[in-house]
Amino acid sequence: SSTAYNLGTVNTSNANYTVDANFHVTTDNDYYKINLPTGYSYTINANILNSYNNSNYSADAKFATSPNGSNWSSNYGSTMPALTITDGGVLYFRILPYTDHEIGTYQLQIAITRTGGVDPDIYEPNNTASTAYNLGIVSTNDASFAVNANFHLSTDNDYYKIILPSGYSYTINANLLDSYNDNCFTADAKFATSENGATWSSDYGV
């Protein structure tokens, strides 16, 4: 499992993965993993096509799942019961031959439904001051910036920055529209400012 092939990260409400692979030598076992970002719940359905249930494949294979690569579910030879993961993590798949010394092909099909949270906004990843999204450089006497964004996870924090060229003085006014003061928005948010990304002002809610 430490060398499990990474099939990807689930970044949408529905994701599908198809693995067409084989046992290429008699000692072959195959491991795969999928990254499930925290803050969401996931329902996973998976099945395997092999020589037992589909004549297009030549290996009689079975598979199991694990949340950590060491504690494994029962082995399934066709379709597994739906699996629910409540707060993301990494999901491992292990594919083994039903009998020793088997060489041949199989197909693993995985369908994942994500609930909770929303799709990330265009500014992600910007969850720390060091990854703050650059809104731009002030190059005129008057400049305006508008951020339309979301908290896409329960753990999401958003950071932005504006470049102020030296040699000028600046007056900055900012306000926040959220669920508290505008019913067009769904998050109750607050914001603060910093000149260095480390020392912050008080929080403002409007």
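The values are calculated or read from the model by the stated rules, or taken from the named source; none is laboratory data. Just so it is clear, the model here is predicted, and its values are computed rather than measured. Methodologically, a virtual Cβ is constructed for each residue, glycine included, from the backbone with ideal geometry; neighbour enumeration extends over all protein chains shown. These accessible areas exclude ligands, DNA and RNA; they are computed on the full protein's heavy atoms, side chains included. Shrake-Rupley method; radii C 1.70, N 1.55, O 1.52, S 1.80 Å.
Listed by position, the strands (runs of 3 or more DSSP E) enclosed by region 1-120 that each have at least 2 residues that are over 17 Å from the mean Cα position of the chain (by Cα) are 14-23, 30-36, 41-49, 61-66, 89-97, 104-115. Only residues that are of a type in the set (Ser, Thr, Tyr), surrounded by 20 or more Cβ atoms within 10 Å (Cβ to Cβ) and at pLDDT 95 or above were counted across region 35-51, and they come to 1. Residues in region 121-156 that are under 27 Å from residue 10 (Cα atoms), of a type in the set (A, V, I, L, M, F, W, C) and either open to solvent by 70 Å² or more (accessible area, probe 1.4 Å) or assigned to a loop (DSSP other than H, G, I, E, B) (or both): 122, 132, 147, 149, 151, 153. What about residue 115, is it open to solvent by 40 Å² or more (accessible area, probe 1.4 Å) and closer than 30 Å to residue 200 by Cα? No; evaluated as a whole, the condition is false for this residue. Can you report the number of residues in region 157-172 which are assigned to a loop (DSSP other than H, G, I, E, B) and loosely packed, with under 15 Cβ neighbours inside 10 Å? Qualifying residue count, region 157-172: 10. Residues that are out of contact with any strand residue (DSSP E or B) (no Cβ under 8 Å at 6 or more places or on another chain) and among the polar types (S, T, N, Q) within region 176-193 comprise 179, 181, 183, 186, listed in sequence order. When residues in region 70-92 are screened for being closer than 18 Å to residue 112 by Cα and in contact (Cβ under 8 Å) with a residue 12 or more places away in the chain, 15 of them pass.
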